[in-house]
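Taking it in order: structure first as structure tokens, then the write-up.
We did not get these values from a lab; they are worked out from the coordinates using the rules stated. If you're wondering where the values come from, they're calculated on a predicted model, not measured in any experiment. Please note: Cβ atoms are built from the backbone with ideal geometry, for glycine as well, and neighbour counts cover all protein chains shown.
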Amino acid sequence: MNRTEIIEGITANQLKTDPVVNALKIGDTIDVHYRIVEGEKERIQVFQGVLLAMKGRGINKCITVRRIVANEGVERTFPLHSPRIAKIEVLRHAEVRRAKLYYLRDLSGKARRLREDRGDAAAAASPAPAKG
Amino acid sequence: MTASLIGKKIGMSRYFTSTGNNIPVTVIQVGPCAVTQVKTLSTDGYCAVQLGFEEIKPRRSTMAGIGHDAKAGSAPQRVHREFRCANDAEVGEFTLGQSLTVSALDGIKFVDVIGTSKGKGFAGAMKRYNFKGLCASHGTERKHRSPGSIGSHGTDRGHGAKIKKGKKMPGRMGNEQVTIRSLDVVSIDAEKNLLLVKGPVPGANEGFLFIRAATRLYKPKARAQAGK
């Protein structure tokens, strides 16, 4: 067994098996339900935005989500397989031709909108968003 | 002898705890190690256990190596390393040809990892000794990364007209033995012979490492090890 296989072997049981998580596509508008621990208490915060980029592989996979708050762009990067991510919901697919949508940072107003991809949406959205 | 083993660095990864904390871990393949020689006070004048790690093909070994390991009833090993014991009684716990696995570290929360650091070649004083270098401006020319003055006759104090011995200067860096003490053991996988420790360890992937139960723990870690 080579080194990559060994590392994949020990991280395999930490990866999420949720089909929604594994079917994420660049350009999707998603809800990230993120657990926030405040001392004893724990609450869930939802961060909604466009999936701008995916980086890394295996357990190191991270997603960058961009949303507009008070006319100001806000980007957050989440480790996809972190147990702090309670759930991810896909709201909309978009037709995009890039693997990284960094060009959205320079756009504003109507130009920022992505064209919705309806063809795929019905098929991909059908499995109910399971807990990841 | 504190629990000691030989291993190989596999690489780094991350480990999420149940609360979602992210721990950087190094994966180390530890053992199985064969006891290839048992040294006692009467036969060798000191007490030690020699371990071998990673079997190799006989044709890649030497006749001397094959013979030495055959005495212990094991195949030729790639690395050998001695671990000192305090007395004959401690040595008595080991028998020739015995196989030690990562489960020897069961219940141990902190380990020391000894390895050979990556060679950096001929490095300047800034990289090698964390010197600050000289000014970026104020008239400094072509000397921004220089170590500065290395002393004069007056400061040599007894060394005559020579520079003090051990003066930190540019030179070969890395490729030397480094010990990282008291690393947290994140998990042990006895089935796959894997040990996960928190944080980095010296050397490149596939490099050999010597692992032993931590010998010097500072108070909070010592309390954690004692289970209080």
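Amide H to amide H, with H built 1.01 Å from N, A:Glu116 comes under 5 Å of A:Glu95, counting only residues 5 or more places away or on other chains. Residues whose amide H comes within less than 5 Å of that of B:Gly151, counting only those at least five positions distant or on another chain, are absent (H built at 1.01 Å from N in the peptide plane).
What do you get for Rg/Rh of the protein assembly as shown when both radii come from the Cα atoms and Rh is the Kirkwood radius? Write down the numbers at each step before the final one.
Details: Rg = 28.2 Å, Rh = 25.6 Å.
That ratio is 1.10, to two decimals.
Couplings for region B:142-150, taken from phi via the Karplus curve 6.51 cos²θ - 1.76 cosθ + 1.60 with θ = phi - 60°, read 6, 9, 5, 10, 6, x, x, 5, 10 Hz in order; Gly and Pro are left as x.
A cut-off of 5 Å between modelled amide H atoms, ignoring neighbours fewer than 5 places along the same chain, links B:Ala123 with B:Gly171, B:Arg172, B:Met173.
When the helices in chain B are scored as -39500 (n - 2.57) per DSSP H run of 4 or longer and the sum is shared across all residues, what 222 nm value do you end up with, to the nearest 500 deg cm²/dmol? Mind showing how you got there, number by number?
Working: 6 runs with 34 residues, N = 228.
Counting only the DSSP helices, I get -3000 deg cm²/dmol.
Which residue fluctuates the most in chain B, going by a Gaussian network model with Cα springs under 10 Å, if the choices are B:Lys192, B:Lys118, B:Lys109? Of B:Lys192, B:Lys118, B:Lys109, the Gaussian network model singles out B:Lys192 as fluctuating most.
Karplus-based coupling profile of region A:111-117, in residue order and whole Hz: 5, 6, 5, 9, 6, 6, 9, with θ = phi - 60° in 6.51 cos²θ - 1.76 cosθ + 1.60 and x standing for Gly or Pro. Please state the shape class of region A:3-106: rounded when a/c is under 1.5, otherwise prolate if a/b exceeds b/c and oblate if not, all from the C-alpha gyration tensor. Note, shape of region A:3-106 comes out oblate. Taken about its Cα centre, the protein assembly as shown carries a charge dipole of roughly 1820 debye when the Cβ of each Lys and Arg holds +1 and the Cβ of each Asp and Glu holds -1. Picking from B:Ala204, B:Ala190, B:Ala136, which is most flexible by a Gaussian network model of chain B using Cα springs under 10 Å? Residue with maximal mean-square fluctuation among B:Ala204, B:Ala190, B:Ala136: B:Ala136. Within the protein assembly as shown, A:Cys62, B:Cys33, B:Cys135 have no other Cys Cβ under 4.7 Å of their Cβ and so lack a disulfide-compatible partner by this rule.
Determine the shape class of chain B: with a ≥ b ≥ c the square roots of the Cα gyration tensor eigenvalues, call it rounded for a/c under 1.5, and otherwise prolate if a/b is greater than b/c, oblate otherwise. Could you put the intermediate results ahead of the total?
Values: a/c = 2.10, a/b = 1.59, b/c = 1.32.
Here chain B falls in the prolate category.
For the listed residue pairs A:Lys55/B:Lys168; A:Lys100/B:Lys143; A:Lys55/B:Lys132; A:Lys55/B:Lys118; A:Lys61/B:Lys192, the alpha carbons are over 32 angstrom apart in A:Lys55/B:Lys168; A:Lys100/B:Lys143; A:Lys55/B:Lys132. For chain A, a Gaussian network of Cα nodes joined below 10 Å ranks A:Gly58, A:Gly27, A:Gly109 by mean-square fluctuation, and the top entry is A:Gly109.
Distance from the alpha carbon centroid of region B:15-29 to that of region A:1-37 works out to 15 angstrom.
In sequence order, region B:211-227 has phi-based couplings of 10, 9, 4, 4, 9, 10, 10, 7, 3, x, 6, 5, 5, 5, 5, 6, x Hz under the Karplus curve 6.51 cos²θ - 1.76 cosθ + 1.60, θ = phi - 60°, and Gly or Pro positions carry x. As a proxy for reagent exposure, B:Asp44, B:Asp189 were ordered by neighbouring Cβ count within 10 angstrom, fewest first; the result is B:Asp44, B:Asp189.
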